[in-house]
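Beneath this line is the structure, given in structure tokens, with notes to follow.
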Amino acid sequence: MKIFDTFSKRQKRQRGEMPDVYQYDSVPIPLRVQVVHILKDAIGEYNYQYNDDIEQSYRTAVDILCREYGVFRLPPASSYENRAYAKELFDFLLNSQDIEQVVDVIEIGFRVVDKIVRTNGYLGRPKAGQAADEAIMELNARLKEHGVGYQFIDGEIIRVDSELIHTEAVKPALRLLNTKSYKGAHEEFLKAYEHYRQGNTKEALNECLKAFESTMKAICDKRRWPYSPNDTASKLIGVLYDNDLVPPFWQGQLQSLRSLLESSISTGRNRMGGHGQGATPSDVPEHIAAYMLHMTASTLVFLTKAEEAL
């Protein structure tokens, strides 16, 4: 559904009341209500349009959440019998005080949209995929509108720290890696973001390096460039340069690139997240983890684009 630039929104912008930085510890009630509207449009209105597909879609979301939380029903539901799954899901979304669980509901609900509603023939829709895409697009627009720093991408909610870097590096990296050739790197990069979202910064750095190394190995496999399965990032970079992944006439302009690739991602991980931390636990500051994530994303975009250009 189209998002309208209403009079009240324009007035808030003029008064400087619209959010200009992302927040992560609050999901406003108006946003939750908008999520309910989007899910109802995409999945179907359970109360007035009873259908096996609709019931099963809502039940899938509720069953996943109940199993993960170790409960029989989502609060504040009081009866296990004659359950109205849509109502149970939406009541939990609207009333939960646990922000991470609210994000869980949004993620699982839109996974249902992405995987089930997108299926050809859902509710007899001739353009089921388009309906799913429109729902996801509206969700991401609403999150941005409310200044809530998350986006639904590739079936997961990921944290957004810099809109510019996210648009220019993270999203292209996910799109470029979302192929059979880069499946391992894609999974590892998503894990890095998930660890970061949960505050596990050292684990995020480890997954960054894994994604970096997996991308280089995938490029070597595609091009049949020999390497050892145990090669480190430094050696893999050498293989790519030896095979002119970067054209020779550009290597003079990019003398620092090899050093950047070797020192920024791999060394950052090795020094802060990858080895024993000694008697004093070493913490990876959040801003360092964010920098490494964005550095990894930019590097993966560069490598995959360079391989395509060969």
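Of note:
- Every condition in (1) at pLDDT 90 or above; (2) assigned to a helix (DSSP H, G or I) is met by residue 74 except one, and the failing one is (2).
- Considering region 225-310, the qualifying helices (runs of 4 or more DSSP H), each wholly inside and each with 1 or more residues that are at pLDDT 85 or above, run over 233-242, 286-309.
- Some residue of region 163-176 being assigned to a strand (DSSP E or B), more than 17 Å from residue 304 (Cβ to Cβ) and either modelled with pLDDT of 80 or more or aliphatic (A, V, I, L, M) (or both): no
- Unmet requirement for residue 4, which otherwise passes all of (1) closer than 18 Å to residue 142 by Cβ; (2) at pLDDT below 95; (3) touching a helix residue (DSSP H, G or I) at 6+ places or on another chain (Cβ under 7 Å); (4) aromatic (Phe, Trp, Tyr): (3)
- Annotation: of all residues in region 214-235 being out of contact with any Leu (no Cβ under 6 Å at 6 or more places or on another chain) and surrounded by 21 or more Cβ atoms within 10 Å (Cβ to Cβ), the one that is farthest from residue 101 (Cα to Cα) is 219.
- Scan of region 7-44 for residues that are among the charged types (D, E, K, R), at pLDDT 85 or above and in a loop (DSSP other than H, G, I, E, B), ordered by number: 25
The values are calculated or read from the model by the stated rules, or taken from the named source; none is laboratory data. Please read all numbers here as calculations on a predicted model, not as lab measurements. Virtual Cβ from ideal backbone geometry, glycine too; neighbours counted across all protein chains shown.
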